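Engineer: Mind having a look at this structure? Questions to follow.
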Amino acid sequence: ADYVRLEDHTKQTSSSLHPDALDSRRSWQDAIPEGIEGLIGNTPLIKLKALSEATGCEILGKAEYLNGAGNSPKDRVALSMINLAEEEGLIKPNRGDTIYEGTVGSTGISLAAVCRARGYQAYICMPNDQASEKSELLLRLGATVERVKPASIVDQAQFVNMARKRAREHTENPNKPGKGFFADQFENSANYIAHQTSTGPEIYQQTGGQLDAFVAGAGTGGTISGVALALKPQLPNVKIVLADPQGSGLYNKVKYGVLFSPTEAEGTRRRHQVDSIVEGIGINRLTANFSAGMELIDDAVKVSDVQAMKMARWLVENEGLFLGASSAVNCVAAAELAKRMEPGSRIVTILCDPGSRHLSRFWKAAGELKPEECTFEGILGRD
Ligand code: PMP
C-alpha cells in the first residue's frame, strides 16, 4: 500500500521535515485506510473564521478531534507507544498482554481502541472525579477501568503509580496469561516523538511553513514539546506558547523558571485534588515529555476555568464548534496572544477533543453561564 501510516512516518527523522517529505502521504479521499490505524494523523487544519475576525489575527485549529480511533491527539501517542513497545519486543499481540496506563481519559480511550485493533487488553487507572462519560466509554471499548481517589503523584495510590503497580503485578503473576506493560505516557518519549514526527510536520506542511505562533496546553507535555521540536529548527522565529489552566504550575516555570510560587500554592493544591473542571491539561511537576521541549517554549498564557467555559460557549455560537475544555483553553490563549501580536499574524492551536466527552462536568457548568456573559469581550476581560 502506498498509504504511509503513522507507524512508518514515526521512523523518519526530524531532518525530513521539508514538505516534500510528506508528499508520499495520501489523503483519505485517495486511499482506503487500513483499519482504524489508517484514520490516525493527517487531521485537517481549519481556519476559525469568527475567532480570526474577532482577534484580527488568523487563528487556525488543528482538528485533532477528527482522529478516528479515540477522537483526540492521543491516538497518535497510543499508536506510537504500542509500536515502540512491539519493536523493543516488550509486547506481542494475542497472547493476553495487557497495556496498563494512568490517564484522565483521552489516552485511555485511544489506547483501548488501538489495543482492541491490535490484539491487546487495556487496563486503565483514572481519578474517580473525572467526567463519567469517559469511564463509560472505556468500559464499552472493552478496557478494564480502575477509578482511584484523586491524589498527589507522591502517593502510591495516585492513578499513574497505580497503573505502574498493576502492570508489575500482572507480569509477576504466573497465573495470568501474557505480560503487563506500563505505557507511561508522562515519561515515555514515544509520546513527544509522535508529535515531533507527525503533528508538527503536518502543521508545517499545511501552513507551507507560514506561521507566527503555536499555542497548546500541556497534560503530559508531549504535544507542545513534540511540535516545538519539529517547528523550531525550521522556523526559528515561530513563537511557542503554553496555554496553562488555573492551578497548574507550568505557567510559572515558563515565565519565571520556578514550577510554582508560594502564592500559587492554593491553586496547586486545587489541581492535585482535580476539582478543576478543565480536564486533561495542567500539571505541577516536570514530566520527561514536557522537559523534552521546555527550552523551546517562549511564553505562557494563564487561562481561568471561567474564561474556558465562556470560550467553549462562544465557539458553539459563532463557529458551530462543540469542543472540550482543553480546546477552549487553547482558544482563549490564542486570542490573548493575538492581542500581543501584529495584526494579521497567523496562530496555530490544537482542537483536542469533542464536547460530548465533557457533558457532565465542564459543559454542565458552562451551560449554567448566562448568554450575555459569553461575549468575546467577556472572555478576555479577566473574571
Ligand atoms: N487535551 C486533552 C483532552 C487531553 O486529555 C490532553 C492530555 N491529557 C491534552 C489536551 C494535552 O496533551 P499533552 O498530554 O500532549 O500535553
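Any read-out appearing in this document is the output of simple, stated calculations on the displayed coordinates, not a laboratory observation. Keep in mind it's a predicted model, so treat the numbers as computed, not measured. Quick reminder, even Gly has a Cβ in these numbers, built from the backbone with ideal geometry, and neighbours come from all protein chains shown.
Engineer: Could you list the GluC sites (Glu not before Pro) in region 47-98 that lie in coil according to DSSP, counting only those with at most 13 other Cβ atoms within 10 Å of their Cβ?
Structural biologist: 88
Engineer: Report the calculated FRET efficiency for residue 318 and residue 234 (r = Cβ-Cβ distance, R0 = 41 Å), to the nearest 0.05.
Structural biologist: 0.80
Engineer: Using 1/(1 + (r/R0)^6) with R0 = 22 angstrom and r between the beta carbons of residue 169 and residue 147, what's the FRET efficiency to the nearest 0.05?
Structural biologist: Calculated transfer efficiency: 0.80.
Engineer: Where Lys and Arg each count +1 and Asp and Glu each count -1, what net charge lies around residue 324 among other residues with Cβ under 9 Å from its Cβ?
Structural biologist: Cβ neighbours under 9 Å give a net charge of -1.
Engineer: Taking the convex hull of the alpha carbon atoms in region 208-362, what volume per residue do you get, in Å³?
Structural biologist: Spelled out: Cα convex hull of region 208-362, divided by residues, is 114 Å³.
Engineer: Given all pairs of different Cα atoms, what value in angstroms does the Kirkwood hydrodynamic radius of the chain take? Present the calculation step by step, with values, prior to reporting the outcome.
Structural biologist: Numbers: mean 1/r = 0.0481 Å⁻¹.
One over the average 1/r among Cα pairs gives 20.8 Å for the chain.
Engineer: Now, a different point. Residue by residue through region 184-190, which ³J(HN,Hα) values in whole Hz follow from phi under the Karplus form 6.51 cos²θ - 1.76 cosθ + 1.60 (θ = phi - 60°), with glycine and proline marked x?
Structural biologist: 3J(HN,Hα) across region 184-190, in whole Hz: 6, 4, 6, 10, 6, 5, 4.
Engineer: So, one more: Give me the aspartates and glutamates in straight-line cross-link reach of residue 239: C-alpha distance below 16 Å, same-chain residues under 8 apart excluded.
Structural biologist: The reachable aspartates and glutamates, counting only those whose Cα sits under 16 Å from residue 239, are 58, 212, 295, 298, 299, 336, 342.
Engineer: Tell me, how many Å apart are the Cα centres for region 283-339 and for region 347-383?
Structural biologist: Spelled out, the Cα-based centre of one part sits 11 Å from the other.
Engineer: Around residue 41, which amide H atoms from residues at least 5 apart in sequence, or from another chain, sit under 5 Å from its own amide H, with H modelled in the peptide plane?
Structural biologist: Residues meeting the criterion, in which the H sits 1.01 Å from N, are 68.
Engineer: May I ask you to list the lysines whose Cα is less than 21 Å away from that of residue 49, ignoring any residue fewer than eight positions away on the same chain?
Structural biologist: 62, 310, 339
Engineer: Would you please give the residues with an amide H less than 5 Å from that of residue 148, counting only those at least 5 places away or on a separate chain, with H modeled from the backbone geometry?
Structural biologist: Amide H neighbours of residue 148, under 5 Å, 5+ apart: 126, 128.
Engineer: Provide the packing ranking of 304-315, 114-125, 226-237, i.e. peptides ordered by the mean count of other C-beta atoms within 10 Å per residue, highest first.
Structural biologist: The densest-packed peptide leads the list: 304-315, 114-125, 226-237.
Engineer: Sticking with this structure for a sec: For the chain, give me the percentage of DSSP beta bridges that are antiparallel, rounded to the nearest 5 percent.
Structural biologist: 10
Engineer: While we're looking at this one, here's another question. Quick check: pseudo-label points 7 Å beyond the Cα along Cα→Cβ at residue 291 and residue 258, how many nm apart are they?
Structural biologist: With each label placed 7 Å out from Cα toward Cβ, I get 2.1 nm.
Engineer: Would you work out if region 136-198 is rounded, prolate or oblate? Take a ≥ b ≥ c from the square roots of the eigenvalues of the alpha-carbon gyration tensor; rounded if a/c is under 1.5, else prolate when a/b is larger than b/c, oblate otherwise.
Structural biologist: Details: a/c = 1.41, a/b = 1.25, b/c = 1.12.
It is rounded, given that a/c, with a ≥ b ≥ c, falls under 1.5.
Engineer: A follow-up question, please. What whole number of Å gives the distance from the Cα centroid of region 135-207 to the Cα centroid of region 80-115?
Structural biologist: 8
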